[in-house]
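Here's the structure, in C-alpha coordinates; my notes come after.
The values are calculated or read from the model by the stated rules, or taken from the named source; none is laboratory data. All values derive from a computational prediction rather than experimental measurement. When we count neighbours, we look across all protein chains shown, and the Cβ atoms used for this are built from the backbone with ideal geometry, even at glycine. Protein only, heavy atoms only, side chains kept; ligands, DNA and RNA dropped before computing areas. Shrake-Rupley method; radii C 1.70, N 1.55, O 1.52, S 1.80 Å.
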Amino acid sequence: MTHRQFITLTVNGDRREVVVTPEMLLLDVLRDGFGLTGTKRGCTSGACGVCTVQGDDGRAVLSCLSLAIQWDGRSVTTIEGVAGPEGLHPVQQAFLEFGAVQCGYCTPGLVMTVKALLDRTPAADAAAIDEALAGAICRCTGHIKVKEAARQAVLRLQAAAQEQAHGPAQG
Amino acid sequence: MQLPPFDYAVPRNLAEAVDRLAASAGNAAALAGGTDLLVNLKYRLVAPAALVAIRGLPELRGVRDGAGGGLDIGAGELLADLLEHPRIAALGGLHAAIRAVGSQHIRNLGTLGGNLCLPTRCWYTNQSEAWRTARTPCWKTEGLVCHVIPSSTTCRALNSADTAPMLVALGASLVLRGPRGERALPLADFYQDDGVNQHTLQPGELIVRVLVPAVAGRSAFRKLAARTGLDYGYASVAGVAIGPARRPRELRVVAGSVASRPVRLRHAEALVLERGLTPETIEAAAEATRADLGEVTNLFSPPGYKKRVVRGLVAKLLADLATTKERAA
(Lines give C-alpha, C1' and ligand atoms only; values in the text may rest on other atoms or scores of the structure.)
Protein backbone atom coordinates (compact mmCIF):
# COMPACT_ATOMS: atom_id res chain seq x y z
CA MET A 1 0.00 0.00 0.00
CA THR A 2 1.54 3.26 -1.01
CA HIS A 3 0.99 6.48 0.80
CA ARG A 4 -0.19 9.79 -0.48
CA GLN A 5 1.81 12.75 0.61
CA PHE A 6 2.22 16.43 -0.08
CA ILE A 7 5.25 17.74 -1.88
CA THR A 8 6.14 21.32 -2.69
CA LEU A 9 7.14 21.80 -6.29
CA THR A 10 7.95 25.04 -8.11
CA VAL A 11 7.28 24.94 -11.83
CA ASN A 12 8.19 27.99 -13.91
CA GLY A 13 8.17 30.05 -10.72
CA ASP A 14 4.73 28.79 -9.66
CA ARG A 15 5.14 27.19 -6.22
CA ARG A 16 2.45 24.66 -5.30
CA GLU A 17 1.71 21.89 -2.90
CA VAL A 18 0.60 18.79 -4.74
CA VAL A 19 -0.48 15.34 -3.56
CA VAL A 20 1.59 12.50 -4.93
CA THR A 21 2.15 8.81 -4.44
CA PRO A 22 5.73 7.53 -4.68
CA GLU A 23 5.23 5.94 -8.08
CA MET A 24 4.07 9.18 -9.74
CA LEU A 25 6.53 10.51 -12.28
CA LEU A 26 7.54 14.15 -12.48
CA LEU A 27 6.08 13.96 -15.99
CA ASP A 28 2.65 12.96 -14.63
CA VAL A 29 2.60 15.78 -12.07
CA LEU A 30 3.59 18.38 -14.67
CA ARG A 31 0.97 17.25 -17.16
CA ASP A 32 -1.91 16.16 -14.94
CA GLY A 33 -1.23 18.15 -11.75
CA PHE A 34 -0.05 21.46 -13.18
CA GLY A 35 -1.86 21.06 -16.51
CA LEU A 36 1.36 21.82 -18.39
CA THR A 37 1.01 19.50 -21.36
CA GLY A 38 3.88 20.99 -23.35
CA THR A 39 6.12 18.36 -21.78
CA LYS A 40 5.37 15.23 -23.79
CA ARG A 41 5.15 11.55 -22.98
CA GLY A 42 7.20 9.47 -25.39
CA CYS A 43 9.14 6.27 -24.88
CA THR A 44 8.99 6.61 -21.05
CA SER A 45 12.31 4.80 -20.87
CA GLY A 46 14.83 7.59 -21.33
CA ALA A 47 15.58 7.00 -24.99
CA CYS A 48 13.72 9.80 -26.81
CA GLY A 49 13.97 13.02 -24.78
CA VAL A 50 10.48 14.42 -25.48
CA CYS A 51 9.84 14.70 -21.74
CA THR A 52 12.92 16.88 -21.15
CA VAL A 53 12.61 19.66 -18.57
CA GLN A 54 15.26 21.84 -16.96
CA GLY A 55 16.20 21.11 -13.38
CA ASP A 56 17.25 23.61 -10.73
CA ASP A 57 20.92 22.85 -11.51
CA GLY A 58 20.26 24.05 -15.06
CA ARG A 59 20.69 20.60 -16.55
CA ALA A 60 18.32 18.85 -18.96
CA VAL A 61 16.40 16.20 -17.04
CA LEU A 62 14.10 13.41 -18.22
CA SER A 63 10.79 13.84 -16.39
CA CYS A 64 9.81 10.24 -17.32
CA LEU A 65 12.75 8.90 -15.28
CA SER A 66 12.28 11.14 -12.25
CA LEU A 67 9.88 10.43 -9.43
CA ALA A 68 7.86 13.53 -8.52
CA ILE A 69 8.64 12.82 -4.88
CA GLN A 70 12.36 13.24 -5.60
CA TRP A 71 11.60 16.85 -6.59
CA ASP A 72 10.03 17.82 -3.27
CA GLY A 73 11.20 21.34 -2.41
CA ARG A 74 12.89 21.85 -5.78
CA SER A 75 12.05 23.73 -8.96
CA VAL A 76 11.87 22.89 -12.65
CA THR A 77 11.39 24.85 -15.85
CA THR A 78 9.18 23.44 -18.59
CA ILE A 79 8.65 24.61 -22.16
CA GLU A 80 5.80 26.84 -20.92
CA GLY A 81 8.29 28.80 -18.80
CA VAL A 82 10.87 29.46 -21.51
CA ALA A 83 9.41 32.50 -23.29
CA GLY A 84 9.70 35.75 -21.34
CA PRO A 85 7.38 38.77 -21.23
CA GLU A 86 9.43 40.29 -24.08
CA GLY A 87 8.69 37.33 -26.34
CA LEU A 88 10.19 34.06 -27.42
CA HIS A 89 13.47 32.79 -26.02
CA PRO A 90 16.33 33.00 -28.57
CA VAL A 91 16.29 29.19 -28.87
CA GLN A 92 12.56 29.20 -29.67
CA GLN A 93 13.01 32.09 -32.10
CA ALA A 94 15.80 30.24 -33.90
CA PHE A 95 13.71 27.03 -34.15
CA LEU A 96 10.92 29.10 -35.70
CA GLU A 97 13.17 30.88 -38.20
CA PHE A 98 15.01 27.76 -39.27
CA GLY A 99 11.88 25.62 -39.57
CA ALA A 100 13.31 23.16 -37.07
CA VAL A 101 9.85 21.74 -36.49
CA GLN A 102 7.82 19.20 -38.41
CA CYS A 103 5.03 17.50 -36.48
CA GLY A 104 6.12 19.34 -33.34
CA TYR A 105 5.83 16.50 -30.83
CA CYS A 106 9.55 16.41 -30.04
CA THR A 107 9.99 20.19 -30.23
CA PRO A 108 9.48 21.03 -26.54
CA GLY A 109 12.08 18.41 -25.59
CA LEU A 110 14.51 19.63 -28.23
CA VAL A 111 14.09 23.27 -27.17
CA MET A 112 14.61 22.38 -23.50
CA THR A 113 17.67 20.32 -24.40
CA VAL A 114 19.27 23.16 -26.38
CA LYS A 115 18.29 25.79 -23.80
CA ALA A 116 19.81 23.75 -20.97
CA LEU A 117 23.00 23.28 -22.98
CA LEU A 118 23.33 27.00 -23.79
CA ASP A 119 22.52 28.09 -20.23
CA ARG A 120 25.52 26.10 -19.02
CA THR A 121 27.71 26.43 -22.12
CA PRO A 122 26.87 29.69 -23.93
CA ALA A 123 29.66 29.18 -26.47
CA ALA A 124 28.67 25.57 -27.27
CA ASP A 125 30.29 24.40 -30.52
CA ALA A 126 28.81 22.04 -33.10
CA ALA A 127 30.22 18.97 -31.32
CA ALA A 128 28.68 19.99 -28.00
CA ILE A 129 25.33 20.57 -29.72
CA ASP A 130 25.53 17.12 -31.34
CA GLU A 131 26.32 15.52 -28.01
CA ALA A 132 23.41 17.21 -26.24
CA LEU A 133 20.96 16.34 -29.02
CA ALA A 134 21.94 12.66 -28.99
CA GLY A 135 19.46 12.24 -26.13
CA ALA A 136 16.51 13.99 -27.79
CA ILE A 137 15.20 12.56 -31.01
CA CYS A 138 13.10 13.92 -33.86
CA ARG A 139 11.46 11.10 -35.82
CA CYS A 140 10.06 13.24 -38.64
CA THR A 141 12.60 15.53 -40.08
CA GLY A 142 16.04 14.78 -38.72
CA HIS A 143 18.41 16.96 -36.79
CA ILE A 144 19.97 19.20 -39.46
CA LYS A 145 17.61 22.15 -39.08
CA VAL A 146 17.57 21.65 -35.32
CA LYS A 147 21.37 21.91 -35.22
CA GLU A 148 21.31 24.94 -37.50
CA ALA A 149 18.80 26.57 -35.18
CA ALA A 150 20.92 25.73 -32.13
CA ARG A 151 24.00 27.29 -33.73
CA GLN A 152 21.97 30.39 -34.62
CA ALA A 153 20.80 30.62 -31.00
CA VAL A 154 24.45 30.52 -29.86
CA LEU A 155 25.24 33.47 -32.14
CA ARG A 156 22.18 35.40 -30.98
CA LEU A 157 22.97 34.86 -27.33
CA GLN A 158 26.60 35.87 -27.87
CA ALA A 159 25.56 39.05 -29.69
CA ALA A 160 23.11 39.86 -26.90
CA ALA A 161 25.81 39.30 -24.26
CA GLN A 162 28.22 41.54 -26.18
CA GLU A 163 25.63 44.24 -26.52
CA GLN A 164 25.01 44.10 -22.82
CA ALA A 165 28.74 44.41 -22.12
CA HIS A 166 29.65 47.09 -24.69
CA GLY A 167 26.39 48.76 -25.69
CA PRO A 168 24.71 48.43 -29.11
CA ALA A 169 26.94 47.79 -32.11
CA GLN A 170 27.80 51.00 -34.04
CA GLY A 171 27.26 51.55 -37.77
CA MET B 1 4.25 2.71 -19.11
CA GLN B 2 3.35 3.40 -15.49
CA LEU B 3 5.31 2.40 -12.43
CA PRO B 4 3.95 -0.23 -10.05
CA PRO B 5 3.17 0.93 -6.50
CA PHE B 6 6.01 0.98 -3.96
CA ASP B 7 6.94 2.62 -0.68
CA TYR B 8 9.56 5.34 -0.72
CA ALA B 9 12.09 5.91 2.03
CA VAL B 10 14.51 8.81 2.35
CA PRO B 11 17.26 7.85 4.80
CA ARG B 12 19.18 10.70 6.41
CA ASN B 13 22.53 9.00 6.19
CA LEU B 14 24.29 5.90 4.91
CA ALA B 15 23.75 3.90 8.11
CA GLU B 16 20.00 4.41 7.88
CA ALA B 17 20.01 3.47 4.21
CA VAL B 18 21.90 0.23 4.90
CA ASP B 19 19.59 -0.60 7.83
CA ARG B 20 16.51 -0.01 5.71
CA LEU B 21 17.83 -2.16 2.86
CA ALA B 22 18.97 -4.94 5.19
CA ALA B 23 15.67 -4.96 7.12
CA SER B 24 13.75 -5.47 3.88
CA ALA B 25 15.44 -8.85 3.32
CA GLY B 26 15.91 -8.20 -0.37
CA ASN B 27 12.51 -6.62 -0.87
CA ALA B 28 13.79 -3.05 -1.22
CA ALA B 29 15.97 -1.51 -3.91
CA ALA B 30 18.39 1.40 -3.65
CA LEU B 31 17.37 4.30 -5.91
CA ALA B 32 20.23 6.53 -7.09
CA GLY B 33 19.75 8.19 -10.50
CA GLY B 34 16.96 5.79 -11.40
CA THR B 35 17.72 5.84 -15.12
CA ASP B 36 17.84 2.04 -15.26
CA LEU B 37 15.89 1.03 -12.14
CA LEU B 38 12.76 2.98 -13.07
CA VAL B 39 12.77 1.47 -16.56
CA ASN B 40 13.11 -2.02 -15.07
CA LEU B 41 10.22 -1.25 -12.71
CA LYS B 42 8.09 -0.12 -15.64
CA TYR B 43 9.00 -3.34 -17.45
CA ARG B 44 8.08 -5.27 -14.24
CA LEU B 45 11.53 -6.86 -14.32
CA VAL B 46 11.94 -6.13 -10.62
CA ALA B 47 9.22 -5.66 -8.03
CA PRO B 48 10.65 -4.24 -4.80
CA ALA B 49 8.13 -3.28 -2.13
CA ALA B 50 10.15 -0.16 -1.36
CA LEU B 51 12.72 2.14 -2.91
CA VAL B 52 15.39 3.62 -0.66
CA ALA B 53 16.60 6.96 -2.03
CA ILE B 54 20.36 7.13 -1.76
CA ARG B 55 20.98 10.05 -4.12
CA GLY B 56 22.46 12.91 -2.19
CA LEU B 57 23.62 10.90 0.82
CA PRO B 58 26.66 12.84 2.07
CA GLU B 59 28.84 9.70 2.37
CA LEU B 60 28.36 9.05 -1.35
CA ARG B 61 29.35 12.54 -2.50
CA GLY B 62 32.51 14.31 -3.48
CA VAL B 63 35.68 13.68 -5.46
CA ARG B 64 38.70 13.68 -3.17
CA ASP B 65 42.40 13.00 -3.40
CA GLY B 66 42.85 9.33 -2.56
CA ALA B 67 45.76 7.43 -1.07
CA GLY B 68 49.11 7.74 -2.88
CA GLY B 69 47.92 10.40 -5.33
CA GLY B 70 44.90 8.42 -6.49
CA LEU B 71 41.27 9.46 -6.72
CA ASP B 72 38.47 8.79 -4.24
CA ILE B 73 35.14 9.23 -6.02
CA GLY B 74 31.76 9.19 -4.30
CA ALA B 75 29.54 6.49 -5.83
CA GLY B 76 26.59 8.91 -5.78
CA GLU B 77 28.32 11.52 -7.92
CA LEU B 78 26.45 12.41 -11.09
CA LEU B 79 28.18 11.21 -14.25
CA ALA B 80 27.66 14.71 -15.70
CA ASP B 81 29.42 16.33 -12.72
CA LEU B 82 32.34 13.89 -12.96
CA LEU B 83 32.91 14.90 -16.60
CA GLU B 84 33.46 18.49 -15.42
CA HIS B 85 35.96 17.53 -12.73
CA PRO B 86 39.54 18.53 -13.69
CA ARG B 87 41.14 15.40 -12.24
CA ILE B 88 38.82 13.15 -14.22
CA ALA B 89 39.32 15.25 -17.35
CA ALA B 90 43.04 14.51 -16.88
CA LEU B 91 42.33 10.77 -17.00
CA GLY B 92 41.53 10.57 -20.70
CA GLY B 93 40.30 6.99 -20.69
CA LEU B 94 38.00 7.38 -17.69
CA HIS B 95 36.61 10.64 -19.05
CA ALA B 96 35.84 8.93 -22.38
CA ALA B 97 34.23 5.92 -20.64
CA ILE B 98 31.95 8.11 -18.49
CA ARG B 99 31.03 10.14 -21.56
CA ALA B 100 30.07 6.93 -23.37
CA VAL B 101 27.32 6.18 -20.84
CA GLY B 102 23.83 6.83 -22.23
CA SER B 103 23.11 10.35 -23.43
CA GLN B 104 23.74 13.67 -21.72
CA HIS B 105 20.15 13.46 -20.43
CA ILE B 106 20.97 10.11 -18.80
CA ARG B 107 24.31 11.35 -17.40
CA ASN B 108 22.49 14.33 -15.86
CA LEU B 109 20.58 11.87 -13.65
CA GLY B 110 22.79 8.77 -13.48
CA THR B 111 25.56 8.13 -10.98
CA LEU B 112 28.89 6.32 -11.15
CA GLY B 113 27.80 3.70 -8.59
CA GLY B 114 24.60 3.19 -10.54
CA ASN B 115 26.51 2.54 -13.74
CA LEU B 116 28.75 0.00 -12.01
CA CYS B 117 25.62 -1.79 -10.74
CA LEU B 118 23.87 -1.77 -14.13
CA PRO B 119 22.11 -5.13 -14.40
CA THR B 120 23.12 -7.43 -17.24
CA ARG B 121 20.97 -7.12 -20.34
CA CYS B 122 19.70 -9.15 -23.28
CA TRP B 123 17.20 -8.59 -26.05
CA TYR B 124 14.57 -10.94 -24.62
CA THR B 125 14.46 -9.89 -20.97
CA ASN B 126 14.90 -6.12 -21.24
CA GLN B 127 11.50 -5.54 -22.77
CA SER B 128 7.99 -4.82 -21.55
CA GLU B 129 6.12 -7.39 -19.54
CA ALA B 130 3.73 -7.94 -22.45
CA TRP B 131 6.66 -8.85 -24.71
CA ARG B 132 8.25 -11.15 -22.16
CA THR B 133 5.10 -13.00 -21.20
CA ALA B 134 4.47 -13.96 -24.81
CA ARG B 135 7.05 -16.70 -24.09
CA THR B 136 7.91 -18.85 -21.11
CA PRO B 137 10.15 -17.38 -18.38
CA CYS B 138 13.93 -17.60 -18.90
CA TRP B 139 16.85 -18.27 -16.55
CA LYS B 140 16.77 -14.67 -15.42
CA THR B 141 13.03 -14.60 -14.80
CA GLU B 142 12.97 -17.87 -12.85
CA GLY B 143 12.40 -20.15 -15.82
CA LEU B 144 14.50 -22.97 -17.27
CA VAL B 145 15.32 -21.79 -20.75
CA CYS B 146 17.26 -19.10 -22.61
CA HIS B 147 15.38 -17.57 -25.54
CA VAL B 148 18.50 -15.83 -26.81
CA ILE B 149 20.89 -18.81 -26.76
CA PRO B 150 18.61 -21.87 -26.73
CA SER B 151 21.50 -24.23 -25.93
CA SER B 152 22.54 -22.27 -22.82
CA THR B 153 22.02 -23.81 -19.39
CA THR B 154 22.59 -20.49 -17.63
CA CYS B 155 21.84 -16.80 -18.13
CA ARG B 156 24.53 -15.15 -20.22
CA ALA B 157 23.15 -11.61 -20.40
CA LEU B 158 25.73 -8.91 -21.02
CA ASN B 159 27.39 -6.46 -18.67
CA SER B 160 27.26 -3.24 -20.66
CA ALA B 161 28.34 -0.71 -18.03
CA ASP B 162 30.78 1.49 -19.93
CA THR B 163 32.72 2.61 -16.87
CA ALA B 164 33.28 -0.98 -15.66
CA PRO B 165 35.99 -2.16 -18.11
CA MET B 166 37.80 1.19 -17.77
CA LEU B 167 37.82 1.13 -13.99
CA VAL B 168 38.91 -2.53 -13.99
CA ALA B 169 41.78 -1.59 -16.33
CA LEU B 170 42.71 1.26 -13.99
CA GLY B 171 42.86 -1.22 -11.09
CA ALA B 172 40.04 0.52 -9.21
CA SER B 173 38.57 -0.85 -6.01
CA LEU B 174 35.30 -0.25 -4.20
CA VAL B 175 34.46 0.69 -0.65
CA LEU B 176 31.25 -1.17 0.22
CA ARG B 177 29.08 -0.63 3.26
CA GLY B 178 26.63 -3.23 4.50
CA PRO B 179 24.94 -4.42 7.67
CA ARG B 180 28.22 -5.97 8.82
CA GLY B 181 30.27 -2.85 8.24
CA GLU B 182 32.62 -1.61 5.58
CA ARG B 183 34.84 -3.64 3.27
CA ALA B 184 37.12 -2.94 0.31
CA LEU B 185 36.92 -5.03 -2.84
CA PRO B 186 38.87 -4.84 -6.11
CA LEU B 187 36.37 -3.95 -8.84
CA ALA B 188 37.55 -6.97 -10.85
CA ASP B 189 36.27 -9.20 -8.01
CA PHE B 190 33.00 -7.31 -7.76
CA TYR B 191 31.81 -8.92 -11.00
CA GLN B 192 31.27 -12.60 -11.75
CA ASP B 193 30.41 -14.38 -14.98
CA ASP B 194 26.78 -15.01 -14.17
CA GLY B 195 24.02 -13.17 -16.01
CA VAL B 196 21.63 -13.35 -13.04
CA ASN B 197 24.00 -12.68 -10.15
CA GLN B 198 26.52 -10.53 -11.93
CA HIS B 199 28.01 -8.90 -8.84
CA THR B 200 28.96 -9.93 -5.36
CA LEU B 201 27.10 -7.26 -3.38
CA GLN B 202 25.67 -8.81 -0.22
CA PRO B 203 22.05 -8.04 0.78
CA GLY B 204 21.85 -4.50 2.10
CA GLU B 205 25.28 -3.58 0.78
CA LEU B 206 25.94 -0.38 -1.17
CA ILE B 207 28.89 0.99 -3.12
CA VAL B 208 30.08 4.00 -1.15
CA ARG B 209 33.32 5.07 -2.85
CA VAL B 210 35.24 4.16 -5.99
CA LEU B 211 39.00 4.32 -5.45
CA VAL B 212 41.18 4.82 -8.50
CA PRO B 213 44.90 4.35 -7.82
CA ALA B 214 47.41 6.79 -9.26
CA VAL B 215 48.60 5.41 -12.58
CA ALA B 216 51.83 6.76 -14.00
CA GLY B 217 50.83 5.92 -17.52
CA ARG B 218 48.25 6.39 -20.23
CA SER B 219 44.62 5.34 -20.46
CA ALA B 220 42.22 5.03 -23.37
CA PHE B 221 38.68 3.83 -24.08
CA ARG B 222 36.83 2.87 -27.25
CA LYS B 223 33.24 1.81 -27.83
CA LEU B 224 31.20 0.87 -30.88
CA ALA B 225 27.42 1.18 -30.73
CA ALA B 226 24.66 1.54 -33.31
CA ARG B 227 24.64 5.27 -32.48
CA THR B 228 27.42 7.21 -30.77
CA GLY B 229 24.95 8.66 -28.30
CA LEU B 230 22.64 6.67 -26.06
CA ASP B 231 23.05 3.08 -27.25
CA TYR B 232 24.63 0.23 -25.34
CA GLY B 233 27.78 -0.92 -27.08
CA TYR B 234 28.25 -3.86 -29.41
CA ALA B 235 31.52 -3.91 -27.49
CA SER B 236 33.83 -1.55 -25.66
CA VAL B 237 37.51 -1.79 -24.77
CA ALA B 238 39.53 0.01 -22.13
CA GLY B 239 43.29 0.09 -21.72
CA VAL B 240 46.01 1.34 -19.40
CA ALA B 241 49.69 1.32 -20.40
CA ILE B 242 52.59 2.13 -18.08
CA GLY B 243 56.13 2.72 -19.24
CA PRO B 244 57.62 3.97 -22.53
CA ALA B 245 54.94 4.58 -25.17
CA ARG B 246 56.27 1.95 -27.58
CA ARG B 247 57.55 -0.44 -24.93
CA PRO B 248 55.07 -0.56 -22.03
CA ARG B 249 56.16 -2.39 -18.88
CA GLU B 250 52.59 -2.91 -17.76
CA LEU B 251 49.45 -3.18 -19.83
CA ARG B 252 45.86 -3.94 -19.00
CA VAL B 253 43.22 -4.30 -21.72
CA VAL B 254 39.63 -5.04 -20.71
CA ALA B 255 36.58 -5.60 -22.91
CA GLY B 256 32.97 -4.74 -22.04
CA SER B 257 29.63 -5.93 -23.49
CA VAL B 258 31.15 -9.32 -24.37
CA ALA B 259 30.15 -11.38 -21.29
CA SER B 260 28.32 -11.05 -17.98
CA ARG B 261 31.43 -9.37 -16.58
CA PRO B 262 34.28 -7.26 -17.96
CA VAL B 263 36.87 -9.54 -19.62
CA ARG B 264 40.67 -9.05 -19.40
CA LEU B 265 42.24 -9.62 -22.82
CA ARG B 266 45.37 -11.34 -21.51
CA HIS B 267 46.60 -12.85 -24.77
CA ALA B 268 46.62 -9.43 -26.37
CA GLU B 269 48.35 -7.92 -23.32
CA ALA B 270 51.07 -10.60 -23.26
CA LEU B 271 51.83 -10.20 -26.91
CA VAL B 272 52.36 -6.44 -26.60
CA LEU B 273 54.41 -6.77 -23.41
CA GLU B 274 56.67 -9.26 -25.16
CA ARG B 275 57.12 -7.45 -28.47
CA GLY B 276 56.26 -3.77 -27.82
CA LEU B 277 53.66 -1.55 -29.42
CA THR B 278 54.40 -1.45 -33.14
CA PRO B 279 51.94 -1.46 -36.03
CA GLU B 280 52.65 -5.18 -36.58
CA THR B 281 52.18 -6.21 -32.95
CA ILE B 282 49.03 -4.12 -32.71
CA GLU B 283 47.55 -6.16 -35.54
CA ALA B 284 48.72 -9.42 -33.97
CA ALA B 285 47.42 -8.43 -30.53
CA ALA B 286 44.05 -7.46 -31.98
CA GLU B 287 43.89 -10.88 -33.64
CA ALA B 288 44.85 -12.55 -30.34
CA THR B 289 41.69 -11.19 -28.66
CA ARG B 290 39.82 -14.12 -30.26
CA ALA B 291 41.57 -16.45 -27.83
CA ASP B 292 40.60 -14.27 -24.86
CA LEU B 293 36.96 -13.99 -25.78
CA GLY B 294 36.35 -17.71 -26.11
CA GLU B 295 32.73 -18.35 -26.82
CA VAL B 296 30.97 -15.05 -27.40
CA THR B 297 27.22 -15.33 -27.23
CA ASN B 298 24.84 -13.99 -29.83
CA LEU B 299 23.42 -11.15 -27.75
CA PHE B 300 22.32 -8.07 -29.73
CA SER B 301 24.83 -8.93 -32.48
CA PRO B 302 26.09 -12.21 -34.00
CA PRO B 303 29.14 -13.69 -32.21
CA GLY B 304 31.37 -13.46 -35.28
CA TYR B 305 30.52 -9.80 -35.69
CA LYS B 306 31.18 -9.08 -32.03
CA LYS B 307 34.63 -10.68 -32.26
CA ARG B 308 35.45 -8.56 -35.31
CA VAL B 309 34.28 -5.46 -33.43
CA VAL B 310 36.56 -6.27 -30.48
CA ARG B 311 39.46 -6.90 -32.86
CA GLY B 312 38.97 -3.52 -34.51
CA LEU B 313 38.46 -1.67 -31.22
CA VAL B 314 41.59 -3.22 -29.67
CA ALA B 315 43.70 -2.19 -32.68
CA LYS B 316 42.46 1.39 -32.28
CA LEU B 317 42.87 1.33 -28.51
CA LEU B 318 46.48 0.12 -28.70
CA ALA B 319 47.27 2.81 -31.25
CA ASP B 320 45.72 5.36 -28.85
CA LEU B 321 47.91 4.06 -26.05
CA ALA B 322 51.03 4.19 -28.22
CA THR B 323 50.49 7.79 -29.29
CA THR B 324 48.68 9.60 -26.47
CA LYS B 325 50.67 12.09 -24.44
CA GLU B 326 48.50 11.71 -21.38
CA ARG B 327 50.11 11.00 -18.05
CA ALA B 328 47.27 9.60 -16.01
CA ALA B 329 47.57 10.73 -12.43
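A few points about this structure:
- Reduced Cα scattering model of the stretch A:5-81, Debye log10 I(q)/I(0), q = 0.14 Å⁻¹: -0.36
- A loss of 10 Å² or more of accessible area (1.4 Å probe, protein heavy atoms, ligands and nucleic acids excluded) relative to the isolated chain is seen in these residues of the stretch B:86-110: B:Arg99, B:Ser103, B:Gln104, B:His105, B:Ile106, B:Arg107, B:Asn108, B:Leu109.
- Mean projected area (nm²) of the alpha-carbon convex hull when chain B is viewed from all directions: 16.0 nm²
- For the stretch A:13-26, the Karplus equation 6.51 cos²θ - 1.76 cosθ + 1.60, evaluated at θ = phi - 60°, returns couplings of x, 8, 8, 9, 9, 10, 8, 9, 10, x, 7, 6, 7, 3 Hz by residue, with Gly and Pro reported as x.
- For B:Ala235, residues with placed amide H under 5 Å, excluding near neighbours: B:Leu224
- Of the residues B:Leu45, B:Ser160, B:Ala268, the one whose Cα sits farthest toward the positive end of the charge dipole of chain B, with +1 on the Cβ of Lys and Arg and -1 on the Cβ of Asp and Glu, is B:Ala268.
- Computed in the context of the full set of protein chains, the accessible area of the stretch A:97-171 at 1.4 Å probe radius has 54% of its extent on carbon or sulfur.
- Annotation: average projected area of the stretch A:90-166 is 4.6 square nanometres, based on the convex hull of Cα atoms across all directions.
- The distance separating the Cα centre of the stretch B:207-224 from that of the stretch B:49-128 comes to 12 Å.
- Kirkwood Rh, angstrom, the stretch B:60-211 [1 / mean 1/r, Cα pairs]: 16.7 Å
- Summed buried accessible area for B+A [probe radius 1.4 Å, Å², rounded to 100]: 2600 Å²
- Mean Kyte hydropathy of -0.5 or more with a Cα span along the axis of at least 15 Å, helices from DSSP in chain A: A:107-120, A:144-166
- All aspartates and glutamates inside 17 Å of A:Lys145 as judged from Cα atoms, apart from same-chain residues fewer than 8 positions distant: A:Glu97, A:Asp125, A:Asp130, A:Glu131
- Within a straight-line Cα-Cα reach of under 25 Å, B:Lys316 can be paired with the following lysines, leaving aside sequence neighbours fewer than 8 residues apart in one chain: B:Lys223, B:Lys306, B:Lys307, B:Lys325.
- Across all directions, the average projected area of the convex hull around the alpha carbons of the stretch A:24-171 is 9.7 nm².
- In the stretch B:1-20, the residues whose accessible area drops by at least 10 square angstrom when the other protein chains are added to the isolated chain are B:Met1, B:Gln2, B:Leu3, B:Pro5, B:Phe6, B:Asp7, B:Tyr8; the probe is 1.4 Å and only protein heavy atoms count.
- Debye equation applied to the C-alpha atoms of the stretch B:38-128, log10 I(q)/I(0) at 0.13, 0.17 Å⁻¹: -0.53, -0.83
- Amide hydrogen neighbours beyond the local backbone of B:Val208, cut-off 5 Å, H modeled: B:Val175, B:Leu176, B:Arg177
- Straight-line reach from A:Lys147: taking Cα to Cα under 19 Å and skipping same-chain neighbours fewer than 8 places apart, the lysines in range are A:Lys115.
- The listed residues A:Tyr105, B:Tyr234, B:Tyr124, once ranked by accessible area (1.4 Å probe) with the largest placed first, stand as A:Tyr105, B:Tyr234, B:Tyr124.
- Per residue, the stretch A:5-81 exposes 32 Å² of accessible surface when a 1.4 Å probe is rolled over the protein heavy atoms with every protein chain present.
- Per residue convex hull volume, Cα atoms of the protein assembly as shown, in Å³: 170 Å³
- Our coupling estimate for the stretch B:300-315, obtained by passing each phi through the Karplus curve with A = 6.51, B = -1.76, C = 1.60 and θ = phi - 60°, is 6, 8, x, x, x, 5, 4, 5, 5, 4, 4, 4, x, 5, 5, 4 Hz, Gly and Pro reported as x.
- List of the stretch B:215-232 residues, accessible area with partners at least 50 Å² below that of the chain alone (1.4 Å probe): B:Leu230
- The residues of the stretch A:90-166 expose on average 49 square angstrom of accessible surface per residue, using a 1.4 Å probe on protein heavy atoms.
- DSSP bridge orientation in the protein assembly as shown - percent antiparallel, rounded to nearest 5: 85 percent
- Whole-percent carbon and sulfur share, accessible surface of the stretch B:34-145, 1.4 Å: 57 percent
- The protein assembly as shown, helix-only ellipticity at 222 nm - DSSP H runs n ≥ 4, -39,500 (n - 2.57), divided by all residues, nearest 500: -9000 deg cm²/dmol
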